[in-house]
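Just below is one structure, and these are the notes that go with it.
The values are calculated or read from the model by the stated rules, or taken from the named source; none is laboratory data. Computed from a predicted structure; not experimentally measured. Note that we place each Cβ from the backbone using ideal geometry, even for glycine, and neighbour counts take in every protein chain shown.
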Amino acid sequence: MNTSLHALRGSNATLVKAQNLSSVLIAIHHLQPVSRTDLAAKLNLTAATLTNLVGELTSLGFVEETQSPHRQIGRRPRLLTLNPATAHFVGVEISRTRVQALYVDLGGTIHGRVTCPLPAQQPGRFVLQTTIDAVRAVTEGRPPIVGIGVGVPGPIDLERGMVLTPTNFGGWAHVPLTGLLQGEFGVPVFIDDDARTAALGEHALGAGQHVPNMLYVSLGKGIGSGLILNGSLYRGTHGLAGEIGHTVLDVRGPRCDCGNHGCLETLASIPAVLQRARDVGLSVDGIEQLLKAATGGNAAAATVLEDTRTYLSAALVSAVNFCDPDLIVVGGALVQAWPGLVPRLGASVRGHSFQQVSSDVQIVASATGEDAAALGAATLVQQHVLLRPDVVRGVTRS
C-alpha cells in the first residue's frame, strides 16, 4: 500500500497534516542541526507549510532553534534541533537472569537505571512483579513517561502483545504482557523479542548507526538475532524473523525445546557449552572458568571452546550467505565473558562465505553492551512518539 504524502493528496486534511508533522519531526531527528531551507527542500514542502508545522512542533516542545555559528552571505541561518527533554520513556529488558529498566529521553540519553537479578526458574508472576517494581523504581521522582518498551525472550505474538513459549524460560507461556503493563501504568506499551530490540538499540545508538543492513546476534543463555534491512527492523510475516538460535546444525544433536534436534541454541548457548564441558569431566560453573582451564593447558576445555566457535561460525556463515548484511554485531553474556570470541568469528566467517560478500562484511562486538536490549526497547517508544507527536499533549515536563 502506498502511504507516501503524494498518495495522500486530496484525502483527509487532518491525516495529511499529521503525516507532514511526523515527517518534519523525523527529518529533524535525523538531520539535526538543520536549517528551514534545507528541511523544506528535503521534504518538498513550501516555506509557509514548513513554518506552520515547525511552529506546532515548537509549541509541543519538540523543536529548539539556534543560530548557526557559521557566517554566510546575509544573515546567519537559524538551525532546528530536537529537544530531548520533550518526552521520556522506559526501556525494559526481561532476560533469563535479570530485569533491567532504563529511563531514557527522546534523544536516547539514559538518565536512570535499575537492574534486578532474577533467580533461576522463577514463576511468571514473580518476573512480572519484578518488572513492575523496576519500572516504578526507575521513574520515581522523574518527569512522567509517555510509554514503555519491553524486550523479552521470544517468540512474541506482536498483534496481541503476548509472550508465547520462550525456551529455557520457566513459568512463561502465553503471557499478555502488553495488556498487563498498560493496565498497571496507564501508558502505551510496546514489546518485542529481546534480540530484535537489541538490534534496534545497536542500530540507533551503537555500532550499527547509519548502517542500512545489519544483523545483530545475541549469545547468552539463549541465542537470538535481529535483522535491520534498509534501515528498518525486519520482523517477518508472523513476527518470528531472527530465530537464528533454532538454526539446525546437527540433525542428530540434542533435542531442543522447540521440538527439533541440534539447534544452535542446544550447542552454543552458555548452558549448552557448560553442559558439554561437564560431560567431558570438567567441573566448571561459568565460561570464565572454562576459558581459564583452556588457557592453562587443559585440552578438553580447549576442545569445548573450539567446538563452540565452530558451531557459531557455521551459523554466521549461513546468515551472511543468506542475508548479505553490511555489518554483523555480536553481543550478549557469552561475548562479555569471552573477549577473544568475536575477532575469531570474524576471521572464520570471512574465510568461509562467498568471497564478494565476505570481503565487505564487518563483524564487531556490541558497542552498547548490556544496555542494548533495553535501549532498543526504549527505541520502540521513541518511534511511536516520532510518528505520533501529539502523544505528548498534556504530559507535564520539568
Inset, instruction - Scan the range 227-265 residue by residue and report those that are within 17 Å of P212 (Cα to Cα), free of Cβ contacts under 8 Å to residues at least 24 places away in the same chain and in contact with a Gly (Cβ under 9 Å, 6 or more places away or on another chain). - result: Y234
Inset, instruction - With the condition kept exactly as written, say whether any residue in the range 242-263 is out of contact with any Leu (no Cβ under 7 Å at 6 or more places or on another chain) and small (G, A, S). - result: yes
Legend entry - Meets criteria (assigned to a strand (DSSP E or B) and modelled with pLDDT of 95 or more) for V114: yes
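Would you be able to tell me the number of residues in the range 82-110 that are of a type outside the set (A, V, I, L, M), in contact with a Phe, Trp or Tyr (Cβ under 7 Å, 6 or more places away or on another chain) and in contact (Cβ under 8 Å) with a residue 24 or more places away in the chain?
Filtering the range 82-110 down to residues of a type outside the set (A, V, I, L, M) leaves 83-84, 86, 88-89, 91, 93, 95-98, 100, 103, 105, 107-109.
Those still in the list that are in contact with a Phe, Trp or Tyr (Cβ under 7 Å, 6 or more places away or on another chain) too: 83, 86, 88, 96.
Filter again for in contact (Cβ under 8 Å) with a residue 24 or more places away in the chain, leaving 86, 88, 96.
The qualifying residues number 3.
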Inset, instruction - Could you figure out which of (1) of a type outside the set (D, E); (2) crowded, with 24+ Cβ neighbours inside 10 Å; (3) out of contact with any Gly (no Cβ under 6 Å at 6 or more places or on another chain); (4) not in a strand (DSSP E or B) isn't true of A199? - result: (3)
Inset, instruction - Report the residue count in the range 215-242 for those that are on the phi < 0 side of the Ramachandran plot and either touching a strand residue (DSSP E or B) at 6+ places or on another chain (Cβ under 7 Å) or aliphatic (A, V, I, L, M) (or both). - result: 16
Legend entry - V217 vs. criteria buried (at least 18 other Cβ atoms within 10 Å of the Cβ) and in contact (Cβ under 8 Å) with a residue 40 or more places away in the chain: yes
Inset, instruction - Considering every residue within the range 121-139, establish whether at least one is in contact with a helix residue (DSSP H, G or I) (Cβ under 7 Å, 6 or more places away or on another chain) and part of a loop (DSSP other than H, G, I, E, B). - result: no
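Residue under question is L274, and the condition is that it be surrounded by fewer than 21 Cβ atoms within 10 Å (Cβ to Cβ), more than 18 Å from S218 (Cα to Cα) and modelled with pLDDT of 95 or more; does it hold?
no
Take the residues in the range 87-107 that are assigned to a strand (DSSP E or B) and β-branched (V, I, T), then tell me which one is nearest to P117 (Cα to Cα).
Initially, the range 87-107 is screened for residues assigned to a strand (DSSP E or B), giving 88-94, 98-105.
With the extra rule that they be β-branched (V, I, T), the set shrinks to 90, 92, 94, 99, 104.
On the way: V90: 18, V92: 13, I94: 10, V99: 6, V104: 21 Å.
The extreme case among them is V99.
Residues that are within 16 Å of the chain's Cα centre (by Cα) and more than 16 Å from V361 (Cα to Cα): which strands (runs of 3 or more DSSP E) entirely in the range 204-260 hold 3 or more of them?
Values: elements: 214-219, 223-229, 232-234.
So the answer is 223-229, 232-234.
Tell me yes or no: at least one residue of the range 179-189 is in a strand (DSSP E or B) and surrounded by fewer than 18 Cβ atoms within 10 Å (Cβ to Cβ).
no
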